[in-house]
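Visitor: Can you read through this structure? Questions will come right after.
Rule-based calculations on the coordinates, nothing more; no lab input. The structure displayed is predicted, hence computed values, not measured ones. Here Cβ is always computed from backbone atoms with ideal geometry, including for glycine, and neighbour counts include all displayed protein chains.
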Amino acid sequence: MTQVRTHNFRDYLTEIADNLTNLRMTTLVSLKSDYQEGKGGQARNAPMPFDIGWIDDIRVNLSAVERRTGSLPGRRTVKKDAQAAWLLKAITCIDLTTLAGDDTEARVRRLCAKALRPVREDILVSLGMGDRTIQTGAICVYHRYVAAAVDALSGSGIPVAAVSTGFPAGLVPHDVKLREIEASVNDGAQEIDIVITREHVLTGNWKALYDEMRDFRQACGKAHVKAILATGDIKTLRNVAKASMVCMMAGADFIKTSTGKETANATLPVSLTMLRMIRDYQDRTGIKVGFKPAGGISAAKDVLNYQFLMKEELGRDWLEPDLFRVGASSLLADIERQLEHHVTGRYSAYNRHSVG
Amino acid sequence: MSVAHYFDTMTYGSAPEADKEVRAWLQSHADGFGHFIDGQWHAPHSGHTFETKEPGRDKILAKIAQGSVEDVHLAVAAAKAALGSWQHLGGHGRARHLYGLARMVQRHSRLFAVLESLDNGKPIRETRDIDLPLVARHFYHHAGWAQIQESEFPDYSPIGVVGQIIPWNFPLLMLAWKIAPALALGNTVVLKPAEFTPLTALLFAELAHKAGLPKGVLNIVTGDGSTGAQLVDHPDINKIAFTGSTEVGRILRERTAGTGKALTLELGGKSPFIVFDDADLDGAIEGVVDAIWFNQGQVCCAGSRLLLQEGIAERFIAKLKRRMDTLRIGDPLDKTIDMGAIVAPVQLERIKNLVEKGVSEGAELYQPQGTLPATGSYYPPTLLTNVFPSSTVAVEEIFGPVLVSMTFRTPDEAVMLANNSRYGLAASVWSETIGLALDISPKLKAGVVWINATNLFDASVGFGGYRESGFGREGGKEGAYAYLKPTAWAKRKRRMALPELPQAIEKKDGFDFPEIDRTAKLFVGGKQVRPDGNYSRPIVSPKGEVLGEVGEGNRKDIRNAVAAARSAEGWGKVTAHNRAQILYYWAENLSARSDEFAQTISKMTGTSKAIARKEVETSIRRLFTYAAWADKYEGTVHTPPMRGVALAMKEPIGIAGIICPNEAPLLGFISLVAPMVAMGNCVVAVPSERHPLSATDLYQVLETSDIPAGVINIVTGDSLSLGKVLAEHDDVDAVWAFGSAELSAEIERLSIGNLKRTLVDQGLETDWYDPKSAEGAIFLSHAVEIKNIWIPYGE
């Protein structure tokens, strides 16, 4: 902690305020790094030896999965203060994302500004949360904007995630993918969202998938790696389950549903299938792997259903940003409206909340 | 609680469903409910009332009328009076009313859902998301059966006034299952809801009347078991439909025996939930949750016996315990709970006692940590491991949230353990191998089998049990027949007493060549065997000639014949084509000896040769008919609203006892035995007591017709006493008895041991020459059990 050097009363106050801010920031950063190292001294996932036995007996019954995901939203709900709290928590798990061909540095900086202050301060104060730091879980951009985002978020503790490895199709040469990862890490990306080669899944070449993922993990170094399965491409839940297990075995820190570019985005059945694999992986290794649904989650109600699924299937720990992220761009705006409604009792409008 | 608190703990908080409207409705009946009879409220004749409680809070909800014999009489009279007009309305008219009821249910669905939750203690989530949609669907579906009744059931008529007694576990859904088909098909109803949960039935009656249902068509009488008994005993009731315990089902069978009242019973169960090592284990875990913790386990078809393949048992139990820890128990009106309250303290006590018994017998108990609400009847989800088929908790229906777990090694052993029960309501099979799942399903003794699913219901799919889980189906076309009777049978007249046969004329002695002695033995297990008692009875012609002697069968002969039939059960598994071939061959061999059979009939009965020839000829035709049906009386593919199908399979019932009438000694025998055999059942037949030689002459025909040993067993002797032994035999699955009214009554009364299926004529004589009365679906439908196999699919 910095010492307070007093010159006059006004400076004194300013300095205290600065230090408090720093203090809060440091705490936040250290909390974040705790999460990154795994809470309670838990180990980060590292590649296990390839074992086909972990994949062979995987079975997924689509109808049974759908029955669970179809009934859960009716079995769990949060109302009033609890709902506001869950939505605020959801914000802290958002990977606020822009992945468009027309992205520019200025556009990315605007998004970063929103990530720092995602909710209007008066709303937070009304919710009794004025003393808490509510920021998004990360900013997620293409490699080109990593440096700008790192700069814009500097000191905030918000990590920058880069999509990589020839995102979204992942069909560039393997060594180019590794080089891309390294470049993003060099630019300050703390998280790398890689895409897998779907062909390996579709042809059942699990060893190739494992090798690829292990190389990505290695190239990431200290940066955390999220494996995007592109579930809309690999189609069947059995493929989803097996690809999940292989990627975790090869060291993925997170498994993620979609790039947002496939025709089918994240769904609850796909998510449930991946969560069950995370649980089985934890049973086998003791290691907690994170989960990130992405694409199509744009309503507050939707994200709550994902949160219910996380809590029910994996437990409380998976509601925090170290183990749960949501890849989204328009979700935040809907949450802001719901929060304002909770505070005022009146339905809100988009133009009352700043854009990102 | 604050936002910050929830932000840090990420707990759910409570989310109570509003009950204002329901409380207001209850308030409007604060003086107490009457019975709903003939379109209006009637105060109980006796003035007696009782209270219905809110099990979730242990508070009184309403004052309910205790039905007396006078109230029941009033209700039955109203139903009887409305019957003619209701039938006269026709299928389309009734379809409009059923459609109106479906709309009414949807219009008031939240009111019903909240009221049901309050009265029963089940979670609002389940009444709202499961019960109410199924109720509305049931009325829509049966509006359809009303609409097409004339074309789909041309040979059937409504039964008449139906008394219906329903349980407390799904009060409104059971009401729908009962009254929708009854009303659709032209019956009128007196329904007694369960004592614990009468409110939704009363609300339904009130709203149905407001929606325009004519008075008297649906009458609700409330009360306890004594009210139910009065309803069952009422002489103007034509049918009783009951859902409830096997114990009460037995009483109803006994009380209605010989009255001619039709009866369907949907009773208890101890349904197996079988998980193979190639199942989606996490999917199966959720299946278990739906199987045994749905409705607090108070479900007749609850999957309460978990059977795990040994290799996955340990892992599965670990997963299951973890899942149990996330179940939430609490106020039924809270939208975030999984389990509400047990319906009443007396049920809670029963559950507690049975679990204690299980533990005292060595079971290991697992219940998740956590507290239950302080007031109200709550019981935690419970798993008992280290349980064996011989444990009390593996045998008794607990009717609560208690699962027992056992293991098996092979598919055969899974089937054996699954079927090791007196019940046979439902079963759940989990395997991702289609060949395995579809192989196991037909082998399970259960009326409903869910593959990779559990507790799926739909109005288009029949529901009902094998064995002591009752008989009759509810839902689908198979369920519609439970509210119809064959029109041809309605014309049957009481059987005339046959004239006494004369004393046997003693044979003259002398030195002429004597006729070679003919003493027929019994036909058991494909062999002609001497009767156990070694007595025989002379068969005398109307002229007094002794035509031969037949064995005097006794209890032990029946026992031996049943054992032979049981060991011939493979008959049910041979192909239908094969069974048809054998029936044709039987007809062929009979045809070759038709003159001889005609002669015997003529001699035995004194009928003209022409009539006797006609009887033989008709018998051959009848064998052809059932040979034809053998591979054509097929199952149905139901299409419930899901991605998947339900296969309504027609399966043999098993071992059937058949008591043949005295008239038409050959044709009567063949008309009853052939449909049973065509459908794959094994038979113990007692031929015409008076004229048995047509049957004993068949021994050689059967022997030369490739009918496997034990498929048809014939025991001659006294119809009534042999019939009683068959009716009491717990390894006989069905008895058909055609003869005296006394025989019918005794068969029905004595069938309660294992609740066997019975088909009796109540002493009314069937015209065996009239195909509408004597052959086809009218008999085949009693020769099969319908099993619905649900197959959701998708990859």
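Visitor: Bin by bin, in steps of 5 Å, what percent of the Cα pairs in region B:421-576 do you find, going until the bin that has the longest distance?
Guide: Using 5 Å bins, I get a P(r) of 2, 7, 9, 10, 11, 10, 11, 10, 9, 7, 6, 4, 3, 2, 1, 0 for region B:421-576.
Visitor: What do you get for Rg/Rh of region A:159-297 when both radii come from the Cα atoms and Rh is the Kirkwood radius?
Guide: In region A:159-297, Rg relative to Rh is 0.93.
Visitor: While we're here: Which of these, A:116, A:124, A:323, has the largest mean-square fluctuation under a Gaussian network model of chain A (Cα springs below 10 Å)?
Guide: Checking each option, the largest mean-square fluctuation is seen for A:124.
Visitor: Relative contact order of chain A, please, whole-number percent, based on alpha carbon pairs below 8 angstrom and at least 6 residues apart. Intermediate results must be reported in sequence, preceding the final value.
Guide: Details: 606 pairs, mean separation 68.7, N = 356.
Computed value for chain A: 19 percent relative contact order.
Visitor: If you look at just the Cα atoms of region B:32-267, how large are its Rg and its Dmax in Å?
Guide: Calculated on Cα positions, Rg and Dmax stand at 16.5, 52 Å.
Visitor: Taking the DSSP beta bridges in region B:32-267 as the whole, what percent of them are antiparallel, to the nearest 5?
Guide: 35 percent
Visitor: For region A:46-352, build the convex hull from the C-alpha positions and give me its volume per residue in Å³.
Guide: 127 Å³
Visitor: Each residue of region B:261-273 in turn: what ³J(HN,Hα) in whole Hz from Karplus with 6.51, -1.76, 1.60 and θ = phi - 60°, glycine and Pro shown as x?
Guide: Per-residue couplings from phi come out as 6, 6, 8, 10, 10, 10, 10, x, x, 9, 6, x, 10 Hz.
Visitor: Which value, in debye to the nearest 20, gives the size of the charge dipole of region B:18-154 about its Cα centre, when Lys and Arg are +1 and Asp and Glu are -1 at the Cβ?
Guide: Working: 16 positive and 16 negative charges, 88 e Å.
Magnitude of the dipole: close to 420 debye.
Visitor: Tell me, what is the percent relative contact order of chain B, built from C-alpha pairs under 8 Å that lie six or more residues apart?
Guide: Over chain B, the number comes to 12 percent.
Visitor: Given that compact globular proteins tend to follow 2.2 N^0.38 Å, what is the ratio of the alpha-carbon Rg of region B:93-160 to that value? Let's see the in-between values first.
Guide: Numbers: Rg = 14.9 Å, N = 68, 2.2 N^0.38 = 10.9 Å.
Here the Cα radius of gyration is 1.37 times the empirical estimate.
Visitor: For region B:404-563, calculate the relative contact order in percent as a whole number, restricting contacts to Cα pairs under 8 Å that are 6 or more residues apart.
Guide: Averaging sequence separation for qualifying contacts and normalising by length gives 13 percent for region B:404-563.
Visitor: Turning to a different aspect of this structure: Between 0 and 90 degrees, rounded to the nearest ten: what's the tilt of helix B:719-728 against the longest Cα principal axis of chain B?
Guide: The angle comes out near 30 degrees.
Visitor: Further question on the same structure: Using 0.36 nm per residue, how much length does the chain from residue A:186 to residue A:207 gain when fully extended, once their Cα-Cα distance is taken away?
Guide: Fully extending the segment from residue A:186 to residue A:207 adds 4.7 nm.
Visitor: Same structure, new question: What Rg and what Dmax come out for region B:1-147 when only alpha-carbon atoms are used, in angstroms?
Guide: For region B:1-147, the Cα radius of gyration and maximum Cα-Cα distance read 20.2, 68 Å.
Visitor: Once the mean 1/r over all distinct Cα pairs of chain B is inverted, what Kirkwood radius in angstroms do you read off?
Guide: 28.0 Å
Visitor: While we're here: In deg cm²/dmol, rounded to 500, what helix-only [θ] at 222 nm does chain B give when every DSSP H run of at least 4 residues adds -39500 (n - 2.57) and the total is split over its residues?
Guide: The helix contribution divided over chain B gives -12000 deg cm²/dmol.
Visitor: Rounded to the nearest 5, what % of DSSP beta bridges with both residues in the protein assembly as shown are antiparallel?
Guide: Working: 43 of 128 bridges.
Around 35 percent of the beta bridges assigned by DSSP in the protein assembly as shown are antiparallel ones.
Visitor: How do B:127-135, B:526-534 rank on mean C-beta neighbours within 10 Å, highest first?
Guide: Numbers: B:127-135: 22.8, B:526-534: 15.7.
Top of the packing list down: B:127-135, B:526-534.
Visitor: Compactness ratio of region A:138-235: Cα Rg over 2.2 N^0.38 Å, N = residue count?
Guide: It is 1.08.
Visitor: Could you grab the Rg to Rh ratio for the protein assembly as shown? Cα atoms only, Kirkwood for Rh. Working shown, then result.
Guide: Details: Rg = 36.3 Å, Rh = 33.6 Å.
Looking at the protein assembly as shown, the ratio lands at 1.08.
Visitor: Below 16 Å Cα-Cα, how many Lys pairs turn up in region B:547-699? Only count pairs eight or more apart in sequence, or on different chains, if you could.
Guide: Summing the qualifying lysine pairs gives 4.
Visitor: For chain A, modelled as a Gaussian network with Cα springs under 10 Å, which listed residue fluctuates most, A:311, A:226, A:288?
Guide: In this elastic network of chain A, the residue with the biggest mean-square fluctuation among A:311, A:226, A:288 is A:311.
Visitor: Taking the Cα-to-Cβ direction at residue A:42 and at residue B:608 and moving 7 Å from each Cα, how far apart do the two end points lie in nm?
Guide: About 9.5 nm, to one decimal.
Visitor: Can you list the lysines whose alpha carbon is less than 28 Å from that of residue A:235, not counting same-chain residues fewer than 8 positions off?
Guide: Residue A:235 reaches A:177, A:207, A:226, A:256, A:261, A:288, A:292, A:301, A:311, B:319.
Visitor: What is the calculated FRET efficiency for residue B:637 to residue B:254, with r their C-beta to C-beta distance and R₀ = 41 Å, to the nearest 0.05?
Guide: 0.60
Visitor: At R0 = 51 Å, how high is the FRET efficiency between residue A:79 and residue B:48 if r is their beta carbon distance? Nearest 0.05 is fine.
Guide: 0.75
Visitor: OK, next. What is the average number of partner chain Cβ atoms found within 10 Å of a Cβ in A:82-92?
Guide: 5
Visitor: Another question about this same structure. Most exposed first by the Cβ proxy, i.e. fewest other Cβ within 10 Å, how do B:524, B:574 rank?
Guide: Ascending number of Cβ neighbours within 10 Å: B:574, B:524.
Visitor: While we're looking at this one, here's another question. Could you work out the mean count of beta carbons from other protein chains within 10 Å of each residue's beta carbon in A:53-63?
Guide: Average neighbour count from other chains, rounded to a whole number: 6.
Visitor: Please sort A:139-146, B:35-42 by packing, taking for each peptide the average over its residues of neighbouring beta carbons within 10 angstrom, highest first.
Guide: A:139-146, B:35-42
Visitor: What ranking do B:264-272, B:315-323 get when scored by the average of other Cβ atoms within 10 Å per residue, highest first?
Guide: Details: B:264-272: 27.2, B:315-323: 17.3.
My ranking of the peptides, most packed first, is B:264-272, B:315-323.
Visitor: Under the rule a/c < 1.5 gives rounded, and otherwise a/b versus b/c splits prolate from oblate, where does region B:496-630 land using the Cα gyration tensor?
Guide: Oblate is the answer for region B:496-630, as a/c is 1.5 or above yet b/c matches or exceeds a/b.
Visitor: Based on DSSP, what percent of beta bridges with both residues in region B:271-464 are antiparallel, to the nearest 5?
Guide: 10 percent
Visitor: For the pair residue A:264/residue B:594, report the inter-label distance in nm, with labels modelled 7 Å from Cα in the Cβ direction.
Guide: Taking the two extended label points, one gets 6.4 nm.
Visitor: Using only Cα atoms, find the angle between the long axis of helix B:281-292 and the longest principal axis of chain B, and express it within 0 to 90 degrees, rounded to the nearest 10.
Guide: Relative to chain B, helix B:281-292 is tipped by roughly 80 degrees.
Visitor: So, with +1 on the Cβ of K and R and -1 on the Cβ of D and E, and no other charges, what is the size of the charge dipole of chain A about its Cα centre, to the nearest 20 debye?
Guide: So the magnitude is around 920 debye.
Visitor: Additional query: Can you compute the charge dipole magnitude of region B:32-267 about its Cα centre, using +1 on each Lys and Arg Cβ and -1 on each Asp and Glu Cβ, nothing else charged? Give it in debye, rounded to the nearest 20.
Guide: 520 debye
Visitor: Between 0 and 90 degrees, rounded to the nearest ten: what's the tilt of helix A:9-37 against the longest Cα principal axis of chain A?
Guide: Once rounded, the angle reads 10 degrees.
Visitor: Also, quick follow-up: Determine, from the Cβ-Cβ distance of residue A:346 and residue A:299 and an R0 of 25 Å, the FRET efficiency 1/(1 + (r/R0)^6), rounded to the nearest 0.05.
Guide: So the FRET efficiency works out to roughly 0.85.
Visitor: Given 10 °C and 1.306 mPa s, compute D for region B:312-434 with the Stokes-Einstein relation, Rh being the Kirkwood radius over Cα pairs; round to the nearest whole µm²/s.
Guide: Values: Rh = 16.1 Å.
Estimated via Stokes-Einstein, D reaches 99 µm²/s.
Visitor: If I model a spin label at residue A:102 and residue B:703 as a point 7 Å from the Cα along the Cα→Cβ vector, what separation in nanometres do I get?
Guide: With each label point 7 Å from Cα toward Cβ, the separation is 9.6 nm.
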